[in-house]
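These notes are about the structure you will find just below.
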Amino acid sequence: MLSVAEAQALIFGHVRPLAAQTVPLSSAAVGLVLAEDVASDLDMPPFDKALMDGFAVRSADLAAGRHVFEVVREIMAGQVAGPPLEAGQAVRIMTGAPLPAAADTVIMVERTRTAEGNRVHFDDNFTRAGTNVLGRGREMRQGEVAVGKGAVLRPQEFGVLATVGRTTVMAYPRPQVSVLCTGDELVEASQVPSQSQIRNGNGPMLVASVARAGGIPKYLGIARDNMESLRQLVRQGLESHVLLLSGGVSAGQRDLVPAVLQEFAVQAHFHKVAMKPGKPVLFGMRNGCLVFGLPGNPVSSLVCFELFVRPALRLLAGQADAGTLVVEAVLQEDFAYRTDRQTYHPAWLDSEAGAWQVRLIPWFGSADLMAVTQANSFAILPVGDNQLKAGHKQPVLRVEERLSR
Ligand code: AMP
Ligand code: MG
């Protein structure tokens, strides 16, 4: 049986970024990955710019020991600089305004006193040339790459892209992910189950997982455990970039998902991984559509999503890495366990004084989703019969960006 790492390597080896598209820089583009180098169309700042409210002067005058300047005019942000400054002259200038030619230094208004007859007095002998001035092109030069291919569009990238005049960019789109649940026992959340039925928790859970991972979820509904019902919905799901199925992949008589996928010529890359929970997980492809058969037990579905689906969605979306985050944390309490497959145990990860700490959550296995509501991560327990002691260095799979509740 494949190890988790081998299964991940198989997936990562098959996933290519989706075709880039032109997208407007609207809020829907937050978090997308840029698919082009965006060059600046101008020098930034486009002129020598005052960084303080004060007086623009020639530093040569300061070097020559001059303390009193004749104020010849005012320049506000948005106004043109006007004629060059002559020796002994100053202009009153506002933050963001252009310096006139020959001026190269701005004296903060707080450091000056106004004197009679439009004059300003300045005492400091230590102001150097260039103080409080951002020279033309210091932020970026025309033609220089302002935001590079592969950059994730965060607020700061939006700001720079707008600065260089972009309202659209080439970016990798969000993957469309169909979610299809299987099971004769399932009813939707809005319904009251009979004695032999349960509500479909995995559908909403996987839809939420897709959304959190940056994909566009499309919920297809419940397929019953017969070939015809499965065929109908699988056909639809294969139109998406990714099809997620929940349930029906293990070895039971009514576990028909592998057979239906075979009918549709989905090429299976693996079926079963040495892990707990989640062993029956299946991965295949057809015409570029990635197909994941996730086991129906809720925690199995969730763990398989985090280990295999979320990284695949990142790669489809053009991210450079699969983003699986395993950290080493200090175990807070003794923990004894026995397992014959690498186990992902719900855990609470925290950081104290810069060091990761982890506590394992009481858990009775793959059906116990309630325990996972108390968790923010999964401790990775190797095969064995082990009595871990507090202080043990424990590998933990992070699944949440922010760890606080
Ligand atoms: P399966 O993988 O289809 O054999 O299902 C394994 C277990 O998960 C069974 O107890 C199912 O009832 C349960 N299960 C399957 N699908 C869902 C679902 N969508 N929501 C909640 N539980 C499910
Ligand atoms: Mg089933």
Exercise. Helix 227-237 versus the longest principal axis of the chain: what is the Cα-based angle in degrees, 0 to 90, to the nearest 10?
Worked result: 10
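How high is the relative contact order of the chain, in percent, counting Cα pairs under 8 Å that sit 6 or more residues apart? Could you put the intermediate results ahead of the total?
Details: 920 pairs, mean separation 62.2, N = 405.
In percent, rounded to a whole number, it is 15.
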For this session: Determine ³J(HN,Hα), in whole Hz, for all residues of the range 189-194 in sequence, where each value follows from phi through the Karplus function 6.51 cos²θ - 1.76 cosθ + 1.60 and θ = phi - 60°; x replaces Gly and Pro.
Result: 4, 6, 9, 9, x, 6
For this session: Could you give me the radius of gyration and the Dmax of the range 277-405, taking only the C-alpha atoms into account and expressing both in angstrom?
Result: 15.4, 49
Exercise. Relative to the longest principal axis of the chain, what angle (0 to 90°, nearest 10) does the C-alpha long axis of helix 202-212 take?
Worked result: 20
Exercise. Each residue of the range 338-352 in turn: what ³J(HN,Hα) in whole Hz from Karplus with 6.51, -1.76, 1.60 and θ = phi - 60°, glycine and Pro shown as x?
Worked result: 9, 8, 9, 9, 3, 10, 9, 9, x, 8, 10, 9, 9, 10, 10
Exercise. What is the set of long-range amide H partners of TYR219 at a cut-off below 5 Å, with H atoms built 1.01 Å from backbone N?
Worked result: VAL179
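Report the charge-dipole magnitude of the range 1-126 in Debye, nearest 20, computed about the Cα centre from +1 at each Lys and Arg Cβ and -1 at each Asp and Glu Cβ.
Values: 9 positive and 16 negative charges, 33 e Å.
Magnitude of the dipole: close to 160 debye.
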Exercise. How would you order 112-122, 61-71, 95-105 from highest to lowest mean count of nearby Cβ atoms within 10 Å?
Worked result: 95-105, 61-71, 112-122
For this session: For TRP356, list long-range residues whose amide hydrogen, built 1.01 Å from N in the peptide plane, is under 5 Å from its own amide hydrogen.
Result: VAL330
Exercise. Most mobile of PRO395, PRO298, PRO84 per a Gaussian network model of the chain (Cα springs, under 10 Å)?
Worked result: PRO84
Exercise. Given a 1.4 Å probe and the protein chains all in place, what does the accessible area of LYS276 round to, in Å² to the nearest 10?
Worked result: 70
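Determine one quarter of the surface area of the Cα convex hull of the range 85-151, which equals its mean projected area, and express it in nm² to one decimal. Display every interim value, and only then the final one.
Working: hull surface 26.7 nm².
Value for the range 85-151: 6.7 nm².
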Exercise. Taking the alpha-carbon centroid of each part, what is the distance from the range 92-136 to the range 160-201 in angstrom?
Worked result: 58
Exercise. Once both labels are modelled 7 Å past Cα along the beta-carbon direction, what's the GLU352-GLU144 spacing in nm?
Worked result: 4.7
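Could you tell me the convex hull volume per residue, in Å³, taken over the Cα atoms of the range 1-145? Walk me through the intermediate numbers first.
Details: hull volume 28.8 nm³, N = 145.
Convex hull of Cα atoms, per residue: 199 Å³.
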Problem set entry | With 10 Å bins from 0: P(r) over the range 180-262, alpha-carbon pairs, percent | 18, 49, 30, 3
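Based only on the alpha carbon positions, what is the Kirkwood hydrodynamic radius of the chain, in angstrom? Numbers along the way, then the final one.
Working: mean 1/r = 0.0389 Å⁻¹.
Computed over the chain, the radius equals 25.7 Å.
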Seminar exercise, completed: Given backbone amide H placed at 1.01 Å from N, residues whose amide H is under 5 Å from that of THR105, ignoring those fewer than 5 places away on the same chain, are VAL57, SER59, GLY130
Seminar exercise, completed: Nearest 10, in degrees from 0 to 90: the angle of helix 4-14 to the longest Cα principal axis of the chain is 70
For this session: Per residue of the range 311-320, in order, report the coupling 6.51 cos²θ - 1.76 cosθ + 1.60 (Karplus, θ = phi - 60°) as ³J(HN,Hα) in whole Hz, putting x for Gly and Pro.
Result: x, 5, 5, 4, 5, 4, 7, x, 5, 6
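The values are calculated or read from the model by the stated rules, or taken from the named source; none is laboratory data. Note that this is a predicted model, so its numbers are computed, not measured. Cβ: placed from backbone, ideal geometry, glycine included. Neighbour counts: every protein chain shown. We work out accessible area using only protein heavy atoms, side chains counted, and drop any ligands, DNA or RNA first. Shrake-Rupley method; radii C 1.70, N 1.55, O 1.52, S 1.80 Å.
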